[in-house]
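Data block below; observations after.
Every read-out reported here was derived from the displayed coordinates using simple, explicitly stated rules and does not represent laboratory data. Note that the coordinates shown come from a computational prediction; the quantities given were computed from them, not determined experimentally. When we count neighbours, we look across all protein chains shown, and the Cβ atoms used for this are built from the backbone with ideal geometry, even at glycine.
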Amino acid sequence: MARETVDPVISDAVAQTNFLVVGAAPAVAMASLYQTIANSVAMAAMNAVYAQQQANMVHQAATTQGVALLLSLKP
């Protein structure tokens, strides 16, 4: 079985790539975390706006019913 040697330039390039990936991993993880948090905050704000709109429609309907009842009363 013949033993082949790897060119030192190739092994150095692989080592540098591995070092780069390992060194960048924490930054990539934090960026992913920040994006997830930003998306969650945006969804919470969107849900709050939706709830306010729904509550406003209920209040308007209740006011309309109340005014209609007051106008239907005979003096």
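Just a few scattered comments:
- Value of [θ]222 nm, deg cm²/dmol, for the chain, DSSP H segments ≥ 4, -39500 (n - 2.57) each, nearest 500: -33000 deg cm²/dmol
- Per-pair calculated FRET efficiency, R0 = 30 Å: Ala31 and Ala55 via Cβ, rounded to 0.05: 0.25
- For Asn47 and Leu70, the FRET efficiency from 1/(1 + (r/R0)^6), where r spans their Cβ atoms and R0 equals 30 Å, is about 0.30.
- Rounded to two decimals, the Cα radius of gyration of the chain over 2.2 N^0.38 Å is 2.85.
- In degrees, nearest ten, helix 8-72 long axis to first principal axis of the chain (Cα): 0
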